[in-house]
Amino acid sequence: MALSDLGILGSTPVVKNNSSLTTTDPTDVFEFKITDASNINLSLTNISAGDDADIALFRDANNNGVLDSFDRNVGLFSARALNQDDAINFKTSSGTFFAEVSRFASSSGDVSYDLALSATKPSGTIPVSDSSSNLLPKEFIIDNLLAVGNVTRTGNVSNTNTTDVYSFSLARLERVDIRLDGLSSDADIRVIRDSNNNRIVDAGEVIASSSRGGITPEQLVVDGRGDYFLQVTEFTGSTNYNVNFNSTIIPT
């Protein structure tokens with residue numbers, strides 16, 4: 001097991017690209033600390049084709065600086081099939097944590113992956129952008145809306161899953177109206193265009209957002225050819241949601 005100490009994790013993402021897991025060393029562990037209540041964001045992407053890797057998050061519950069069986073009694077896990085992106089987004093108090101990336105046994109040979117980690121302000125912070133995840137895993141892929149038509153997805157955000165991320169694309173003369181409703185607690189949305197394809201939300205890449213108070217539906221409009229990410233983010237408390245992508249052609 002390879003162990004890396006990342007020190008104090010903050011809002012600037014820590015990126016570990018082109019990492020690898022082998023049959024003889026199938027697990028990487030990244031230790032880090034957060035000094036205040038935060039949203040911990042983990043994004044596991046670019047897993048090698050035909051392979052699988054998963055991610056888990058544990059607190060150093062007995063404060064001994066070692067990821068041991070006691071710590072493993074409670075954890076958060078993302079174990080999506082094949083080489084799909086994995087993500088964990090967790091609102092928590094200060095402490096020492098371990099992010100563990102594991103090679104799935106059925107993978108062939110070495111498994112390569114990219115990992116990004118950040119700790120943003122806790123959900124409920126104003127402005128909302130301070131607590132939004134600045135990582136862009138493709139958790140839910142919709143592809144080109146012109147091809148698939150109008151789409152509705154359901155989900156849930158909470159303290160143990162503060163953010164869901166959807167990827168979609170638009171054609172040159174296409175517009176999409178995005179509506180978030182069905183809320184029982186406050187949640188918000190924003191759209192990101194990852195101009196440099198680094199899977200990080202950089203300055204100037206948030207192109208639209210909606211953060212109304214309470215359970216009022218959120219709504220925004222995006223147009224123009226390109227690839228986009230939609231983030232659905234908890235503000236206060238657990239809530240189910242519906243997110244609707246209503247695509248139309250812009251008249252010329």
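Spin-label point model (7 Å from Cα, Cβ direction): what's the A49 to L3 distance in nm?
3.7 nm
Based on the Cβ-Cβ distance from S11 to I249, what FRET efficiency comes out when R0 is 30 Å, to the nearest 0.05?
Values: r = 39 Å, r/R0 = 1.30.
Once the sixth-power term is evaluated, E becomes 0.15.
So I have (i) 32, 22, 15; (ii) 28, 23, 17; (iii) 38, 18, 15, and one of them is semi-axes √(5λ) of the Cα gyration tensor in Å calculated from this model. Which one is it?
(i)
With an 8 Å cut-off on Cα pairs and a minimum separation of 6 or more residues, tell me the relative contact order of the stretch 128-249 in percent.
Values: 304 pairs, mean separation 48.8, N = 122.
This gives 40 percent for the stretch 128-249.
Would you please state the base-10 log of I(q)/I(0) at q = 0.22 1/Å for the stretch 45-121, with intensities from the Debye formula using one equal scatterer on every alpha carbon?
Result of the Debye calculation: -1.01.
Amide H to amide H, which residues 5 or more places from A187 or on other chains are under 5 Å from it, using H placed in the peptide plane?
When sequence neighbours closer than 5 places are left aside, the close amide H contacts are F235.
Okay, which of the stretch 128-164 sit inside 15 Å, backbone N to the point 7 Å along the Cα-Cβ direction of T236?
Of the residues in the stretch 128-164, 128, 159 have backbone N under 15 Å from the label point off T236.
What does the net charge come to around T162 if you take all other residues with beta carbon closer than 13 Å to its beta carbon, with K and R at +1 and D and E at -1? Mind showing how you got there, number by number?
Values: positive: K91, K121; negative: D130, E139, D164, D186, D188, E234.
Net charge in that neighbourhood comes out at -4.
Using 0.36 nm per residue, how much length does the chain from S94 to T22 gain when fully extended, once their Cα-Cα distance is taken away? Numbers along the way, then the final one.
Numbers: separation 72, 0.36 × 72 = 25.92 nm, distance 3.25 nm.
Length gained between S94 and T22: 22.7 nm.
R0 = 30 Å: FRET efficiency of N63 with R193, Cβ-based, nearest 0.05? Present the calculation step by step, with values, prior to reporting the outcome.
Details: r = 42 Å, r/R0 = 1.40.
That gives a FRET efficiency of 0.10.
How big is the dipole moment of the stretch 2-120 about its Cα centre under a simple scheme where the beta carbon of each Lys and Arg is +1, that of each Asp and Glu is -1, and everything else is neutral? Debye, nearest 20, please.
Values: 7 positive and 16 negative charges, 62 e Å.
About 300 debye.
If I model a spin label at S106 and V221 as a point 7 Å from the Cα along the Cα→Cβ vector, what separation in nanometres do I get?
4.6 nm
With the dipole of the stretch 128-249 worked out from charges on the C-beta (+1 for Lys and Arg, -1 for Asp and Glu) around the Cα centre, which of S195, F235, V165 lies farthest toward the positive end?
Final value for the positive-end residue is S195.
Given the stretch 128-249 reduced to its alpha-carbon atoms as identical point scatterers, what log10 I(q)/I(0) does the Debye formula return at q = 0.11, 0.12, 0.14, 0.22 Å⁻¹?
Computed log10 I(q)/I(0) values: -0.32, -0.38, -0.53, -1.33.
With +1 on the Cβ of every Lys and Arg and -1 on the Cβ of every Asp and Glu, and nothing else charged, how large is the dipole of the chain about its Cα centre, in debye rounded to the nearest 20?
Details: 18 positive and 32 negative charges, 114 e Å.
In debye, rounded to 20, the chain gives about 540.
Let me check I've understood the local charge: for F30, count other residues with C-beta under 10 angstrom from its C-beta, Lys and Arg +1, Asp and Glu -1. What total comes out?
Details: positive: K16; negative: D5, D28, E31, E100.
Here the count lands on -3.
On a straight-distance basis, which lysines could pair with K33 in a cross-link, Cα separation under 18 angstrom, same-chain partners fewer than 8 positions away excluded?
Answer for K33, where 18 Å is the Cα cut-off: K16, K91, K121, listed by chain and number.
Magnitude of the Cβ-charge dipole of the stretch 128-249, K/R +1 and D/E -1, about the Cα centre, nearest 20 debye? Don't jump to the answer; show the numbers that get you there.
Values: 10 positive and 16 negative charges, 53 e Å.
Charge dipole of the stretch 128-249: 260 debye, to the nearest 20.
Here, each number is a calculation from the coordinates, and none is a lab measurement. This structure is a prediction, so every number in the text was calculated from the model and none was measured. Using ideal geometry, Cβ is built from the backbone for each residue, glycine included, and neighbour counts are taken over all protein chains shown.
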